[in-house]
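Before any comments, here is the structure.
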Amino acid sequence: MRQDILFISDLHLSAARPETTRCFLSFAQGRARGARQLYILGDLFDAYIGDDDNSTPNRQVKHALRSLAESGTELFFQHGNRDFLVGERFCRETGANLLEDYALVQVGGETVLVTHGDLLCTDDLPYQSARVRVRSAQWKRNALSKPLLVRQLYARWYRVKSGLDKRGKTLEIMDANPDTVTEVMRRFGVKTLVHGHTHRPAIHELTVDGAAATRRVLAEWHGDGSALCWSPQSGWTAEHFSA
């Protein structure tokens, strides 16, 4: 009986990163098939421009996820800052369940909060302002109404712009704000938070309303892969694998 629960994020799959795509496909065909649930907490893709884009590696990734779902692993997907245009068609094609930006999930009898992580980076004011704009229904409708080629060109420009923007920001600004983390965990009444986005994998022990709490940060994939696993036998563990 499958009991393991896996959490991954920040794979940034694209045609420019074939080694990471190979690693993910191997993961989906192997380790993930032994899990009861797989949570993908955003940025599965490096620049997702719509469910109608079936270029490499989107087509292969969708097929792998559909096969994984049909094998019996329950799939959950959460939007990241690079793939917030994932929509209902993607979910139908892959068998994934779409989660809200903050979602409560049951892990071994405990209620755990999962999120991509960008909402926790409240010190990055320009990003948070831009996030509100591009997540609006009107902005998304306008973007998706553009021809696929136009969206592909925009995605290339966005990747360059994003890299330039990061050069002007400190790591502290792009990291989760501790006060925001505490406030969010208090608001949702949880003692465990799992997120990605910052590319700074770690286990942070903290105190929320006088009680011990834990923030678990997922790792970025870069050639090799990484997953956070919960199992009844071992509790929380980190796993690493390659193609």
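The values are calculated or read from the model by the stated rules, or taken from the named source; none is laboratory data. Please read these numbers as outputs of a predicted model, since none were measured by experiment. Here the Cβ positions follow ideal geometry from the backbone for every residue, glycine too, while neighbour counts run over all protein chains shown.
Give the number of residues within the stretch 186-230 that are farther than 26 Å from Asp124 by Cβ, under 18 Å from the mean Cα position of the chain (by Cα) and outside any loop (DSSP other than H, G, I, E, B).
Adding up the residues that qualify gives 5.
Here's the yes/no breakdown for (1) among the charged types (D, E, K, R); (2) surrounded by 15 or more Cβ atoms within 10 Å (Cβ to Cβ); (3) touching a residue at least 60 places away in the same chain (Cβ under 8 Å); (4) under 21 Å from Gly108 (Cβ atoms):
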| site | (1), (2), (3), (4) |
| --- | --- |
| Ile173 | no, yes, no, no |
| Thr180 | no, no, yes, no |
| Gly189 | no, no, yes, yes |
| Thr207 | no, no, no, no |
| Ala219 | no, yes, yes, no |
| Gly225 | no, yes, yes, no |
| Glu239 | yes, no, yes, yes |
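Does Gln78 qualify as being within 20 Å of Asn58 (Cα to Cα) and polar (S, T, N, Q)?
yes
Which of (1) hydroxyl-bearing (Ser, Thr, Tyr); (2) closer than 16 Å to Ser226 by Cα; (3) buried (at least 18 other Cβ atoms within 10 Å of the Cβ) does Ser26 not meet, given it meets every other one?
Condition not satisfied by Ser26: (3).
Starting from residues that are part of a loop (DSSP other than H, G, I, E, B) and within 26 Å of Arg17 (Cα to Cα), keep the ones in the stretch 156-183 and report whichever is modelled with the highest pLDDT.
Looking at residues that are part of a loop (DSSP other than H, G, I, E, B) and within 26 Å of Arg17 (Cα to Cα), I get Asp175.
Please work out which one of (1) among the small types (Gly, Ala, Ser); (2) surrounded by 17 or more Cβ atoms within 10 Å (Cβ to Cβ); (3) over 28 Å from Gln152 (Cβ atoms) is the condition Gly80 fails and give its number.
(3)
Among Val132, Val150, which is the only one that is within 27 Å of Leu193 (Cβ to Cβ) and either in a helix (DSSP H, G or I) or among the β-branched types (Val, Ile, Thr) (or both)?
Of Val132, Val150, the one residue that is within 27 Å of Leu193 (Cβ to Cβ) and either in a helix (DSSP H, G or I) or among the β-branched types (Val, Ile, Thr) (or both) is Val132.
Here is a list of conditions, (1) out of contact with any helix residue (DSSP H, G or I) (no Cβ under 6 Å at 6 or more places or on another chain); (2) outside any loop (DSSP other than H, G, I, E, B), and Gln233 meets all of them except one; can you say which number that is?
Checking Gln233 against (1) out of contact with any helix residue (DSSP H, G or I) (no Cβ under 6 Å at 6 or more places or on another chain); (2) outside any loop (DSSP other than H, G, I, E, B), the one that fails is (2).
Cβ-Cβ below 9 Å, separation at least six or inter-chain, first residue in the stretch 132-148 and in contact (Cβ under 8 Å) with a residue 24 or more places away in the chain, second part of a loop (DSSP other than H, G, I, E, B) and of a type in the set (Val, Ile, Thr): which pairs?
Ala143/Ile49; Leu144/Ile49; Leu148/Ile49
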